[in-house]
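*Asks:* Supplied in structure tokens, the structure appears directly below.
The values are calculated or read from the model by the stated rules, or taken from the named source; none is laboratory data. All figures in this text were calculated on a predicted structure; none of them were measured in a lab. So basically every Cβ, Gly included, is an ideal-geometry build from the backbone, and we count neighbours across all protein chains shown. Only protein heavy atoms, including side chains, enter the accessible area calculation; ligands, DNA and RNA are left aside. Shrake-Rupley method; radii C 1.70, N 1.55, O 1.52, S 1.80 Å.
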Amino acid sequence: MNKKVTILAIDEQVSKFFKSELKKIFSDLLRIDYRYPDMEVVFQVYDTDLILYTDPEILNIMVDKIKCDAPTLMMKRTITKEALNRIREIPPGKKVLVSNINQYMANETMALFYQLGITDVQFYPYYEGKSSYPEEIEYIIVPEDEAYDFLPDIEAEIILIGNRVFDISNILDILSILRIDSVNSERIIKKYLIKVPTIWYAFDYGWENRRILLNQWELLLDELMSGVIVTDQENQIELINNKAKNILNIKKQEIVGRGIDILINRFKNLNFILDQKEIKDKLVNFEGKELVFTVKMVEFDGQFYGKIIIISPYRDMIETQQKVHKQLIGKGHFTDYQFSDIIGDNILIKKAKEISRLVAQSDSTVLLLGDSGTGKELFAGAIHNCSQRSREPFVAVNCATLPENLLESELFGYEEGAFTGARKGGKIGLFEQANTGTILLDEIGDLPLNLQARLLRAIEEKEIMRLGGDSIITIDARIIAATNQNLMQLMKKGKFRKDLFYRLNVFQIKIPALKERENDILLLTEHYLNSWGEARQITCDLKEFLLKYEWPGNVRELKNTLKFITTVSHEKLSFKNLPAYLKTKQNSPDKEVLLLKRLFYLNETKASTGRRSLRKDFKQNYYNISEMEIRKLLHNLNEKDMVNIARGRAGSSISEKGINYLKKNKYIF
């Protein structure tokens, strides 16, 4: 049966383009479908052999639609030789805008041009939302058949390069992941190399010179994640990439041009390479390292041309295999979080950080307690990176997001044939991946009871067994558990094992809710705005809200709220910029101040300020309020000489005292 590939792209046009490209390359070897965010119905991905996505942003958007365990691969793209020739016609020293639909793709395209050897032209990325660009731009490079509507209105020549196509390294990755047979693989690679340039296009070369051709292939092989050695039909070593040299700890000049037997004489357990047969995924203990060898015979039309020897470190293969979507394994195998990322001057958060630093030096289990959004995963990552295991894997799994049967197979792995739909060759579980490192079990309170028993054994015995397996696997992973639930109450209800609780509760760390650290709210606000390059003025009414609101979603909700208001507002930040669900009477700053601000802006624009108009304006900018309340607020403000109330339809106006009050207290700027 043909392999199935699912494409994740930004829109229908891009999806159809890459589907067409894959069809041209692989013809009838693949079945191809696609998803994009604006589809009328975005179907979930249940059954596919490979997920290809255009960029990290689209994977984040679509990750909740992925309901299978297929490997994911980001598209590496290049341009056609015809497009490269068009760009090379640009005179040296010219300034050129490289335009694309977002910042990531514009920068990626620009970097590609430099990789392809175009270094005598000044490129500048341009994308929707970017307003600045250098003067004297004479060329704009765009991929589509029509210019983008967000391009600047300047006199510049448009160079159409078409959509970027798959890079040759991407094709090699697809061939490897889908295990396309050698005959079809060689046919596809030879045909595709005619179409696309590779990084070695940056060098002058001549096809008639065999030595230069080998150098070009060496550059290409250095793009691969695995070590590669290429021999000719006489078993003479012609090529070796940098990865292979590093893995085997040998120098290029020692073996290139010499027989493969020089390698065998040095490392006796590699003599299987001399066999005149293909070898697939052979595990070899090499000087204390576990390596996986694959030997491919290069044959064409019945003629033997040599061998391709592929060498992969076992640990690298594990990491690559497990780069699936974030819902399954959190942040992958590593975390960037440090204690310096935990912002706060509050005594409670300082105490939690201090205890965590001390706990990090131990190998005992840690139990993080805190409401949703308080930063439990941040603490877990910081503890890992401050520990002696910091250079080892960090694996995170959310115990609440997966059904029980899937969670068990994710945690402990499974053998081939363990259940219907089990992957051929089985799968390594998260505990094995976290071996010598740290595993974070988030939402531990949602772990089913039968899995709690298996987890208890893993902690006590430091041993696990895969589903469908019969052998014990020793593990050495530090366990950090986290929950927002009351485990004591769960134990009383019989929903959480007491013995497991006391195994986990060696070091208990309570992370305070944001409402308990009121003095950190404005500090966190300033931190996030500065980190996003959004250092804007904040009105006092917004500050009053930030301090008054209880933040049930904690730091995560604060961060999301700030991201919202910095997106919808392009000037100063105020209470009126908040999302509608937060603008309520309960959360409101002083209503008199809010009405006084609206009077100021309405007087500035000479808009109507009758009570009915004020009520309508107040509702549009803040929340619903009655005309009677407006009347009462105006009366109070008038008694304070901040508002002048005119008779008849003239409406009300803000006084000089009212304006000075708003400015003095920074309600307006």
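*Asks:* Within the range 107-155, how many residues are outside any loop (DSSP other than H, G, I, E, B), aromatic (Phe, Trp, Tyr), at pLDDT below 90 and farther than 15 Å from Ile87 by Cβ? Don't jump to the end; show me each part of the working.
*Replies:* As a first pass, look at the range 107-155 and keep what is outside any loop (DSSP other than H, G, I, E, B): 107-115, 122-127, 137-142.
Still in the list and also aromatic (Phe, Trp, Tyr): 113-114, 123-124, 126-127, 139.
Okay, now just the ones that are also at pLDDT below 90, so 113-114, 127.
Next cut, farther than 15 Å from Ile87 by Cβ only: 127.
Qualifying residue count for the region: 1.
*Asks:* Still on this structure, please answer the following. Which of (1) out of contact with any Lys or Arg (no Cβ under 9 Å at 6 or more places or on another chain); (2) modelled with pLDDT of 95 or more does Thr401 not meet, given it meets every other one?
*Replies:* Against the list (1) out of contact with any Lys or Arg (no Cβ under 9 Å at 6 or more places or on another chain); (2) modelled with pLDDT of 95 or more, Thr401 comes up short only on (2).
*Asks:* Closer than 23 Å to Pro512 by Cβ and either modelled with pLDDT under 85 or part of a strand (DSSP E or B) (or both): is that true of Leu328 in this structure? Before you say what the answer is, go through the steps one by one.
*Replies:* Working: closer than 23 Å to Pro512 by Cβ: no; either modelled with pLDDT under 85 or part of a strand (DSSP E or B) (or both): yes.
Answer is no for this residue.
*Asks:* Does at least one position in the range 611-634 carry a residue that is open to solvent by less than 50 Å² (accessible area, probe 1.4 Å), aromatic (Phe, Trp, Tyr) and either part of a loop (DSSP other than H, G, I, E, B) or free of Cβ contacts under 8 Å to residues at least 24 places away in the same chain (or both)? First the steps, then the outcome.
*Replies:* Quick first cut of the range 611-634, residues open to solvent by less than 50 Å² (accessible area, probe 1.4 Å) only: 613-614, 617-618, 621-623, 625-626, 630, 633-634.
Checking the rest, the ones that are also aromatic (Phe, Trp, Tyr) come to 618, 622-623.
Those still in the list that are either part of a loop (DSSP other than H, G, I, E, B) or free of Cβ contacts under 8 Å to residues at least 24 places away in the same chain (or both) too: 622-623.
Within the range 611-634, one or more residues are open to solvent by less than 50 Å² (accessible area, probe 1.4 Å), aromatic (Phe, Trp, Tyr) and either part of a loop (DSSP other than H, G, I, E, B) or free of Cβ contacts under 8 Å to residues at least 24 places away in the same chain (or both).
*Asks:* Counting only residues that are in contact with a Phe, Trp or Tyr (Cβ under 9 Å, 6 or more places away or on another chain) and of a type in the set (A, V, I, L, M, F, W, C), which one in the range 344-357 is most open to solvent (accessible area, probe 1.4 Å)? Steps first, please.
*Replies:* Filtering the range 344-357 for residues in contact with a Phe, Trp or Tyr (Cβ under 9 Å, 6 or more places away or on another chain) gives 352-353, 355-357.
Imposing the further condition that a residue be of a type in the set (A, V, I, L, M, F, W, C) reduces the set to 352, 355.
Working: Ala352: 5, Ile355: 66 Å².
That would be Ile355.
Yes/no per residue for (1) open to solvent by 10 Å² or more (accessible area, probe 1.4 Å); (2) more than 24 Å from Lys376 (Cβ to Cβ); (3) not in a helix (DSSP H, G or I):
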| site | (1), (2), (3) |
| --- | --- |
| Val395 | no, no, yes |
| Thr401 | yes, no, yes |
| Leu406 | yes, no, no |
| Thr436 | yes, no, yes |
| Leu440 | no, no, yes |
| Gln452 | no, no, no |
| Leu455 | no, no, no |
| Ala458 | no, no, no |
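*Asks:* Also: Do any residues in the range 111-134 that are touching a residue at least 60 places away in the same chain (Cβ under 8 Å) and more than 16 Å from Ser99 (Cβ to Cβ) have Cβ atoms under 8 Å from those of residues that are among the polar types (S, T, N, Q) and open to solvent by less than 70 Å² (accessible area, probe 1.4 Å), where the two are at least six apart or on different chains, and which pairs are they?
*Replies:* Once the first residue is touching a residue at least 60 places away in the same chain (Cβ under 8 Å) and more than 16 Å from Ser99 (Cβ to Cβ) and sits in the range 111-134, its partners that are among the polar types (S, T, N, Q) and open to solvent by less than 70 Å² (accessible area, probe 1.4 Å) give Leu116/Thr78.
*Asks:* Could you go through the range 17-36 and let me know if any residue there is of a type in the set (A, V, I, L, M), modelled with pLDDT of 90 or more and not in a helix (DSSP H, G or I). Can you show your working first?
*Replies:* Going through the range 17-36, the residues of a type in the set (A, V, I, L, M) turn out to be 22, 25, 29-30, 32.
Next, only the ones that are modelled with pLDDT of 90 or more stay: 22, 29-30, 32.
Narrowing further to those that are not in a helix (DSSP H, G or I): 30, 32.
Yes: the range 17-36 contains one or more residues that are of a type in the set (A, V, I, L, M), modelled with pLDDT of 90 or more and not in a helix (DSSP H, G or I).
*Asks:* Quick check on the range 586-600. Is at least one of its residues in a helix (DSSP H, G or I) and either of a type in the set (Ser, Thr, Tyr) or open to solvent by 80 Å² or more (accessible area, probe 1.4 Å) (or both)?
*Replies:* Filtering the range 586-600 down to residues in a helix (DSSP H, G or I) leaves 591-600.
Next cut, either of a type in the set (Ser, Thr, Tyr) or open to solvent by 80 Å² or more (accessible area, probe 1.4 Å) (or both) only: none.
The answer is no; no qualifying residue exists.
*Asks:* Further, regarding this structure: Name the residue, out of Val45, Val5, that is open to solvent by less than 20 Å² (accessible area, probe 1.4 Å) and touching a Cys at 6+ places or on another chain (Cβ under 7 Å). Write out each step before concluding.
*Replies:* On the way: Val5 fails: touching a Cys at 6+ places or on another chain (Cβ under 7 Å).
That would be Val45, the only listed residue that is open to solvent by less than 20 Å² (accessible area, probe 1.4 Å) and touching a Cys at 6+ places or on another chain (Cβ under 7 Å).
*Asks:* A further question follows. Can you tell me which residue in the range 466-521 is nearest to the chain's Cα centre (by Cα), limited to those that are under 17 Å from Thr438 (Cα atoms) and assigned to a loop (DSSP other than H, G, I, E, B)?
*Replies:* This residue is Ala477.
*Asks:* Kindly provide the set of residues from the range 49-89 that are part of a loop (DSSP other than H, G, I, E, B), among the β-branched types (Val, Ile, Thr) and crowded, with 19+ Cβ neighbours inside 10 Å, ordered by number. Steps first, answer last, please.
*Replies:* So in the range 49-89, the residues part of a loop (DSSP other than H, G, I, E, B) come out as 49, 54-55, 67-71, 75-76, 79-80, 89.
This time we only want the ones that are among the β-branched types (Val, Ile, Thr), so: 54, 79-80.
If the condition is that a residue be part of a loop (DSSP other than H, G, I, E, B), among the β-branched types (Val, Ile, Thr) and crowded, with 19+ Cβ neighbours inside 10 Å, then Thr54, Ile79 are the ones that fit.
*Asks:* Would you confirm, using the coordinates I've provided, whether Gly429 is without any contact (Cβ under 8 Å) to a residue 60 or more places away in the chain and either of a type in the set (S, T, N, Q) or in contact with a helix residue (DSSP H, G or I) (Cβ under 6 Å, 6 or more places away or on another chain) (or both)? Before the answer, list the steps.
*Replies:* Details: without any contact (Cβ under 8 Å) to a residue 60 or more places away in the chain: yes; either of a type in the set (S, T, N, Q) or in contact with a helix residue (DSSP H, G or I) (Cβ under 6 Å, 6 or more places away or on another chain) (or both): yes.
Yes.
*Asks:* Scan the range 336-385 for residues that are without any contact (Cβ under 8 Å) to a residue 24 or more places away in the chain and either within 24 Å of the chain's Cα centre (by Cα) or assigned to a loop (DSSP other than H, G, I, E, B) (or both) and jot them down.
*Replies:* Ser340
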